[in-house]
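The values are calculated or read from the model by the stated rules, or taken from the named source; none is laboratory data. What you are looking at is a predicted structure, and each value in this text was computed from that prediction instead of being measured. All Cβ positions, even for glycine, are placed from backbone atoms using ideal geometry, and neighbour counts span all protein chains on display.
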Amino acid sequence: MRLPLVYHDDYSPPFPASHRFPMEKFRLLRDHLVDSGLTSDAHLLRPELCPADVLALAHDPVYIERFLSGELSREEQRRLGLPWSEALARRTVRAVGGSLLAAELALKHGLACHLAGGTHHAHYDHAAGFCIFNDMAVISRYLLAAGKVSRVMIFDCDVHQGDGTARILADTPEAITVSLHCEKNFPARKADSDWDIPLPMGMGDADYLKVVDDALNYLLPLYQPDIVLYDAGVDVHKDDALGYLKLTDQGLAARDELVIRQCLGRDIPVVGLIGGGYDPDREALARRHGMLHHSAQRVWQALL
């Protein structure tokens with residue numbers, strides 16, 4: 001069986017070429033995974049739009065409507081960092097639907113990966129840091145409300161703290177938020193995750209992988225989650241424009257394999273989300289994000 005991969009052509013809407021958010025990376029990631037032989041376009045699973053009532057499990061309905069109608073103020077758009085358009089609004093709702101589909105597939109098959117997701121700076125009633133709706137908070141609340149799981153763990157390895165996720169889920173004890181992030185990086189005001197693991201600037205592969213391994217070996221047996229949402233941000237890479245950590249390509253691939261292997265080795269389904277990554281070389285960035293999917297495929301094949 002093929003590793004379930006989720007993607008939609010809506011993910012890379014027309015966008016200013018000079019903008020620092022690499023909107024085309026989702027399309028380029030799809031192209032890379034197809035060109036490298038990991039999948040074909042026909043085998044990628046296309047999600048529906050996330051229903052408004054599901055979005056409202058984690059977000060203010062008034063905020064949802066204001067964003068979808070293009071009514072954010074100039075200050076709100078500045079905090080978001082993205083220019084609003086109808087295509088961006090559709091892309092945003094579709095991508096949450098993609099993470100939702102990936103979670104359903106992971107529960108069914110044990111593992112699934114999204115070619116987007118990890119929008120962890122989105123808060124209950126406002127956007128921030130390129131994030132509009134928080135897919136990990138939405139998925140967590142949905143799976144719990146639907147009775148599909150009794151405990152979710154979010155294992156967030158993006159270089160920036162998952163502040164929006166931590167705040168939205170602060171009153172949801174069945175959703176455990178874990179954030180491994182560079183301590184001196186955005187956001188300036190950190191939230192309180194259930195487990196915050198701040199990392200010093202300049203940390204490299206060996207030290208980083210030990211922290212990840214130790215955290216998983218402690219937290220997975222402690223909480224025994226029914227599913228893990230893994231934010232595989234590549235902004236921990238040494239060449240990332242917004243990172244400050246020093247992981248190599250090999251370190252990234254090892255991290256992804258480690259997380260997936262630790263979860264599947266305990267029969268815990270895992271969802272891979274790509275998280276953040278910033279590089280003027282968009283092709284290199286797409287290949288970097290693709291390490292998640294190639295690593296997942298290697299673990300998947302080894303277990304079949």
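Brief remarks follow.
- Boolean, Gly70 is outside any helix (DSSP H, G or I) and crowded, with 22+ Cβ neighbours inside 10 Å: no
- Summed over the stretch 168-212, residues that are closer than 16 Å to Asp156 by Cβ and outside any loop (DSSP other than H, G, I, E, B) total 17.
- Just so you know, in the stretch 214-242 the residues that are within 12 Å of Gly275 (Cα to Cα) and of a type outside the set (Gly, Ala, Ser) include one that is nearest to the chain's Cα centre (by Cα), and it is Asp231.
- Hey, Tyr63 over 23 Å from Asp196 (Cβ atoms), surrounded by 16 or more Cβ atoms within 10 Å (Cβ to Cβ), in contact with a helix residue (DSSP H, G or I) (Cβ under 8 Å, 6 or more places away or on another chain) and hydroxyl-bearing (Ser, Thr, Tyr) or not: no
Listed here are the residues, each with its yes/no results for (1) modelled with pLDDT of 95 or more; (2) of a type outside the set (Val, Ile, Thr); (3) touching a Gly at 6+ places or on another chain (Cβ under 7 Å).
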{"residue": "Glu257", "(1), (2), (3)": "yes, yes, no"}
{"residue": "Ile268", "(1), (2), (3)": "yes, no, no"}
{"residue": "Gly272", "(1), (2), (3)": "yes, yes, no"}
{"residue": "Tyr278", "(1), (2), (3)": "no, yes, no"}
{"residue": "His289", "(1), (2), (3)": "yes, yes, yes"}
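- The number of residues in the stretch 171-190 being among the small types (Gly, Ala, Ser), modelled with pLDDT of 95 or more and over 19 Å from Val149 (Cβ atoms) comes to 1.
- Test: residue in the stretch 26-38 that is over 30 Å from Ala302 (Cα atoms) and either modelled with pLDDT of 95 or more or surrounded by 19 or more Cβ atoms within 10 Å (Cβ to Cβ) (or both): no
Residue-wise test of (1) among the aliphatic types (A, V, I, L, M); (2) closer than 22 Å to Asp240 by Cβ; (3) in contact with a strand residue (DSSP E or B) (Cβ under 9 Å, 6 or more places away or on another chain); (4) surrounded by fewer than 24 Cβ atoms within 10 Å (Cβ to Cβ).
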site: Leu105; (1), (2), (3), (4): yes, no, yes, yes
site: His114; (1), (2), (3), (4): no, yes, yes, no
site: Phe130; (1), (2), (3), (4): no, yes, no, yes
site: Met136; (1), (2), (3), (4): yes, yes, yes, no
site: Val149; (1), (2), (3), (4): yes, no, yes, yes
site: Met153; (1), (2), (3), (4): yes, no, yes, no
site: Thr165; (1), (2), (3), (4): no, yes, yes, no
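- Test: residue in the stretch 148-167 that is closer than 17 Å to Asp192 by Cβ and basic (Lys, Arg): yes
- Against the criterion of being more than 20 Å from Met23 (Cα to Cα), crowded, with 24+ Cβ neighbours inside 10 Å and not β-branched (Val, Ile, Thr), Ala95 does not qualify.
- Of the numbered criteria (1) under 22 Å from Glu104 (Cα atoms); (2) surrounded by 24 or more Cβ atoms within 10 Å (Cβ to Cβ), the one Leu247 fails is (1).
- Residue match in the stretch 239-254 (condition: more than 15 Å from Met203 (Cβ to Cβ), at pLDDT 95 or above and of a type in the set (Lys, Arg)): no
- Residues of the stretch 254-274 that turn out to be in a loop (DSSP other than H, G, I, E, B) and either in contact with a Phe, Trp or Tyr (Cβ under 9 Å, 6 or more places away or on another chain) or surrounded by fewer than 18 Cβ atoms within 10 Å (Cβ to Cβ) (or both), as a count: 4
- Qualifying residue in the stretch 243-250 (condition: more than 25 Å from Phe186 (Cβ to Cβ) and not in a helix (DSSP H, G or I)): no
- Residues in the stretch 165-201 that are touching a residue at least 12 places away in the same chain (Cβ under 8 Å) and among the aliphatic types (A, V, I, L, M): Ala166, Ile168, Leu169, Ala170, Ala175, Ile176, Val178, Leu180, Ala191, Ile197, Leu199, Met201.
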